[in-house]
1. Ratio of Rg to Rh for the chain, alpha carbon only, Kirkwood?
2. I'd like to compare 6-14, 75-83: which one has the highest average count of other Cβ atoms within 10 Å, and what's the full order after that?
3. What residues of segment 49-65 lie in the reach of a label at residue 17, counting those whose backbone N is under 17 Å from a point 7 Å from the Cα along Cα→Cβ?
């Protein structure tokens with residue numbers, strides 16, 4: 001039997017017009033210290049984003065989300081933030097901010113496989 005371990009996750013959101021506080025879930029970021037796992041899965045439903053703001057610049061949002069993903073996994077092309085240790089990267093990415101790309105509060109859970117749990121949460125919360 002595999003051992004369950006603690007993980008944390010946050011839902012990644014696009015907020016086309018910050019002043020309206022409306023958002024579309026576009027991803028899930030998950031961190032599991034024991035499994036040395038930090039990844040994010042992203043899918044942008046362009047129609048949903050445009051429904052909230054027809055003038056939204058999806059190319060800018062996709063660039064920000066690409067940077068988010070590179071930082072999360074520690075890809076050196078993500079800049080200095082990507083060089084931080086996994087917990088620091090996850091905390092920085094999920095910190096409260098008022099921008100077009102935001103995260104929900106961080107939620108805890110337990111899992112056997114962080115990768116499988118990320119897939120399950122992504123299907124449940126984004127797709």
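Every number in this text was worked out from the coordinates using simple rules, so none of it is lab data. What you see is a predicted model, and the numbers here were worked out from it, not measured in a lab. Glycine gets a Cβ as well: all are built from the backbone with ideal geometry, and neighbour counts include every protein chain shown.
1. So for the chain, dividing Rg by the Kirkwood Rh gives 0.98.
2. Top to bottom by mean Cβ count within 10 Å: 6-14, 75-83.
3. 49-58
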